[in-house]
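Reviewing the structure listed below.
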Amino acid sequence: MRLRRGPQQFASRNVSEVPVGGTGSPFVGLNTTYPHTQLSDGASPNFYNVRLFARKQDDRRVSVGTRKGPGFYSVPLGETQDQAETSTAGADDQEITTTGWVADSFTAGATGRLSKVEVNLKNGATSPTQHLIVEIYDDDSGEPGTKLATSSILSSDIGSSYAYETARFVEAPTITNTETYWVVLYMQMGGAGSYNVSTTTNASTGLSSANSGGTWSSTSDAFNIKTHLATASPFLGGTYYNPSSATAKTVIAHGTDVYTVSDVDGSTTSIKSGLNASAEEYNFDQAEDNLYFVNGYDGIQYYDNSTVTVVSDPQAPSDPKYCVFHKGRLFVAGQSSDPTRLSWSDFADYDSWLSTGFVNVPQPKTGDPITGITVFQDNLIIFTEKTKYILYGDDPGNFVLRQSSGREGCVANKTIAKDPNYVYFLSNDGVYRFNGSQDQLMSDGIQTEIDNIPDKTKCSAVYQGNYYRLYYPQTGSTNNDSCILWDTLYDFWLRDSGTYVDKPFITTEDTLVEGSSRMGAIYYGEQAYSDLGKPIEFKYWTKVYGDGLRKIYLRRFIPSIRLQSQPYSMNIFIDLDQRGTDAISYRLDASASGDTWGGGETWGGGGTWGSETVGVPQVFRGTEAFWHQIKFEQTGVDTPVEILSYVLQIRVRRTE
């Protein structure tokens, strides 16, 4: 059989041609189930920390862009200063650049979660153009060993005079008493100029490296750094309390207390202490300007914006775990003493309970406990582990309990979220949505991700911003550290990494609040292009192009990107024949150009005012192989990537 070169062919993936979600859409989200070679055009097998969006309402060009991450809301509970070196004896400047790294050790004085580090910093002789990265390492024979956490301090927060600046850690690594750890500082890649950290000759624990941490040398001094630890126990739940005659406030639970959170400085105030330390989850609902909550141990309690009161009626359930208001009554379930019982209060009197005000779902001692309750389409939906039931009616006299025609059960109340049309939930075999009569499996394209969740009962979810967000632990993790998102507008999945979130909730203004899975803290969601300072790892891999029968010569690859105010570099890899290694690699430097106010250019001087919006297309070349896959990757703080389109120019060999 003789082979000859075929005609030149072109493959274009220009996202302006087809709207997202439509037939043949160029960007259609994540698919981890199908083989890379069998994906539809625009589907990606590796879609990390990505959003698909249009920047403007009238902008038809939909781009693949970096997601935003959480920002500071509350001071972590139990946060105290652990170690500090504040002496300025023999003070001098230690320079920090992109390749000139510095490190200093500290010995923990207690065990807890490292919540933040403060560093005494100022700008160097030449103003820095990138942010300062702050990393935590364990000790390896007197030098930084394994990296435990990463954060940053924005360049805009560092001035010309020394001041202590804060780096917060969303990972909040566990720090063990008497163990040695390292704080490592360097400027984010792609920057110029330098920072200075102040030093002291009181100690000689500081190190410096001229080759980005490859080798370390003693500086014969120490750096001015403070470390802070928070209580090493998870966030237990929260809600937004909005009484009609008082200022709305956030209420959270942690340890054995329930707290309110200040929207001014993030400080917390206990409103109820001495609660059961075994509680793992708090659930809330509001009626009559009172906020009711349950935790599975301490009965039913309510907060009236002044004090917390326990419902004292002896007929009231003593240990419910779930609560919701429906038809003028408070419904509770999840009692450890009677896990199939659904109980309710008197009408409009939530302190009064009758011994006959309950029903077993479907009957007692079935071995299928109630796992969650929610109101949907004016009915009460009761989930069990294996199935679900619907309570119809508006009074105990006409209550009717029926098994739903959609019979999928739910693993945990925390995974239930809803929009006006559907209830979304996690079952043992996938993510479903329920429309009031039928269940629909949503997770077929990411089933491998769902199947690999080690403990589905740790998952939690929220509906916000047209996304069903499910936070979960990856294999090997004991805390939630990842998130998958179902786009309810365009019907595709996305995936985030580095999201240490548990029991999220929303405010009345639809603001996302994310609880920490590592400590008693909450964050405002979708705030900036970092995870509380941690660099975001952007990954977008295309499908694999080719059929395995004919060799394809990739003549040119041309991406189109939108420039940002902050310069960044993006790695582009062309993987050949699904090897996963030895890919052709390129580095795309994206830096906005143009003259700025105060930059020295004069009117009529020939300069272009302002930065370009879209970068000048750059051409990259491939080679010949049976299969090609393009991989876009970039990790950074405040360096959002936006890929508008890309074009592949190929030539195909064909058989005769």
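Would you check which residues across region 116-142 are open to solvent by less than 10 Å² (accessible area, probe 1.4 Å) and of a type outside the set (Asp, Glu) and list them? Working first, answer last.
Looking only at region 116-142, we keep the residues that are open to solvent by less than 10 Å² (accessible area, probe 1.4 Å), and these are 117, 119, 121, 130-136.
Answer for region 116-142, where residues must be open to solvent by less than 10 Å² (accessible area, probe 1.4 Å) and of a type outside the set (Asp, Glu): Val117, Val119, Leu121, Gln130, His131, Leu132, Ile133, Val134, Ile136.
Yes/no per residue for (1) assigned to a strand (DSSP E or B); (2) open to solvent by 20 Å² or more (accessible area, probe 1.4 Å):
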{"position": "Tyr186", "(1), (2)": "yes, yes"}
{"position": "Ser198", "(1), (2)": "yes, no"}
{"position": "Ala203", "(1), (2)": "no, yes"}
{"position": "Gly214", "(1), (2)": "no, yes"}
{"position": "Ser220", "(1), (2)": "no, yes"}
{"position": "Ser244", "(1), (2)": "no, yes"}
{"position": "Asp263", "(1), (2)": "no, yes"}
{"position": "Ile271", "(1), (2)": "yes, yes"}
{"position": "Gly274", "(1), (2)": "no, yes"}
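Quick check on this structure: which one of Val50, Val28, Val18 is open to solvent by less than 30 Å² (accessible area, probe 1.4 Å) and either of a type in the set (Val, Ile, Thr) or at pLDDT 85 or above (or both)? Just one listed residue meets the conditions, Val50.
Out of Ser160, Ser105, Ser141, report the one residue that is of a type in the set (S, T, N, Q) and closer than 24 Å to Thr639 by Cα. Step through it out loud before you land on a result.
Details: Ser105 fails: closer than 24 Å to Thr639 by Cα; Ser141 fails: closer than 24 Å to Thr639 by Cα.
Answer to the check: Ser160.
Is it fair to say Ala253 is more than 30 Å from Gly142 (Cβ to Cβ), open to solvent by less than 50 Å² (accessible area, probe 1.4 Å) and at pLDDT below 95? Please lay out each step first, then the result.
Numbers: more than 30 Å from Gly142 (Cβ to Cβ): yes; open to solvent by less than 50 Å² (accessible area, probe 1.4 Å): yes; at pLDDT below 95: no.
The answer is no for Ala253.
Only one of the listed residues (Asn413, Asn428) is polar (S, T, N, Q) and within 19 Å of Leu342 (Cβ to Cβ). That residue is Asn413.
Of all the numbered requirements in (1) on the phi < 0 side of the Ramachandran plot; (2) modelled with pLDDT of 95 or more; (3) open to solvent by less than 30 Å² (accessible area, probe 1.4 Å), Thr174 misses one, and that requirement is (3).
On the basis of being closer than 27 Å to Tyr292 by Cα and either charged (D, E, K, R) or open to solvent by less than 40 Å² (accessible area, probe 1.4 Å) (or both), does Ala348 make the cut?
no
Considering only residues in region 369-394 that are in contact (Cβ under 8 Å) with a residue 40 or more places away in the chain and of a type in the set (A, V, I, L, M), the one that is most open to solvent (accessible area, probe 1.4 Å) turns out to be Val375. Per the listing Gly237, Gly191, the residue uniquely in contact with a helix residue (DSSP H, G or I) (Cβ under 9 Å, 6 or more places away or on another chain), assigned to a strand (DSSP E or B) and touching a residue at least 24 places away in the same chain (Cβ under 8 Å) is Gly237. Condition first: in a loop (DSSP other than H, G, I, E, B) and either surrounded by 18 or more Cβ atoms within 10 Å (Cβ to Cβ) or in contact with a His (Cβ under 9 Å, 6 or more places away or on another chain) (or both). Now tell me which residues in region 351-368 satisfy that. Trp353, Gly357, Val361, listed by residue number.
Looking only at region 522-557, count how many residues are in a loop (DSSP other than H, G, I, E, B) and open to solvent by 20 Å² or more (accessible area, probe 1.4 Å). It would help to see each step written out before you state the result.
Filtering region 522-557 down to residues in a loop (DSSP other than H, G, I, E, B) leaves 529-530, 532-533, 535, 542-544, 546-551.
From what's left, open to solvent by 20 Å² or more (accessible area, probe 1.4 Å): 529, 532, 535, 543, 546-551.
Number satisfying all stated conditions: 10.
Output the residue which, of all residues in region 326-340 that are over 24 Å from Lys386 (Cα atoms) and assigned to a strand (DSSP E or B), is least open to solvent (accessible area, probe 1.4 Å). Here the residue is Leu330.
From Asp510, Asp481, grab the single residue that is charged (D, E, K, R), open to solvent by less than 40 Å² (accessible area, probe 1.4 Å) and more than 21 Å from Tyr322 (Cα to Cα).
Working: Asp510 fails: open to solvent by less than 40 Å² (accessible area, probe 1.4 Å).
Exactly one of Asp510, Asp481 is charged (D, E, K, R), open to solvent by less than 40 Å² (accessible area, probe 1.4 Å) and more than 21 Å from Tyr322 (Cα to Cα), namely Asp481.
Taken together, the residues in region 454-467 that are surrounded by 21 or more Cβ atoms within 10 Å (Cβ to Cβ) and assigned to a loop (DSSP other than H, G, I, E, B) amount to 1. Being touching a residue at least 24 places away in the same chain (Cβ under 8 Å), in contact with a strand residue (DSSP E or B) (Cβ under 6 Å, 6 or more places away or on another chain) and open to solvent by 60 Å² or more (accessible area, probe 1.4 Å) is not true of Glu408.
If you check Leu426 against the conditions, is it surrounded by 14 or more Cβ atoms within 10 Å (Cβ to Cβ), within 22 Å of Asn466 (Cα to Cα), within 36 Å of the chain's Cα centre (by Cα) and touching a residue at least 40 places away in the same chain (Cβ under 8 Å)?
Numbers: surrounded by 14 or more Cβ atoms within 10 Å (Cβ to Cβ): yes; within 22 Å of Asn466 (Cα to Cα): yes; within 36 Å of the chain's Cα centre (by Cα): yes; touching a residue at least 40 places away in the same chain (Cβ under 8 Å): yes.
Answer is yes for this residue.
Say we look at region 600-647 and pick out the residues that are open to solvent by 30 Å² or more (accessible area, probe 1.4 Å) and hydrophobic (A, V, I, L, M, F, W, C); which of these is modelled with the lowest pLDDT? The qualifying residue modelled with the lowest pLDDT is Trp609. Number of residues in region 67-91 that are farther than 30 Å from Ser270 by Cα and open to solvent by 10 Å² or more (accessible area, probe 1.4 Å) equals 8. Scanning region 92-112 for residues that are in a strand (DSSP E or B) and open to solvent by 30 Å² or more (accessible area, probe 1.4 Å), we see that the one that is nearest to Gly145 (Cα to Cα) is Ser105.
Kindly state which strands (runs of 3 or more DSSP E) lie completely within region 468-521 and contain at least 1 residues that are without any contact (Cβ under 8 Å) to a residue 24 or more places away in the chain and under 13 Å from the mean Cα position of the chain (by Cα). Break it down stepwise before answering.
Values: elements: 482-487, 492-497, 501-506, 512-516.
In region 468-521, 482-487 are the strands (runs of 3 or more DSSP E) which contain 1 or more residues that are without any contact (Cβ under 8 Å) to a residue 24 or more places away in the chain and under 13 Å from the mean Cα position of the chain (by Cα).
The values are calculated or read from the model by the stated rules, or taken from the named source; none is laboratory data. Just so we're clear, the structure is a prediction, and the values are computed from it rather than from any experiment. Cβ: placed from backbone, ideal geometry, glycine included. Neighbour counts: every protein chain shown. Ligands, DNA and RNA are excluded from the accessible area calculation, which covers all protein heavy atoms including side chains. Shrake-Rupley method; radii C 1.70, N 1.55, O 1.52, S 1.80 Å.
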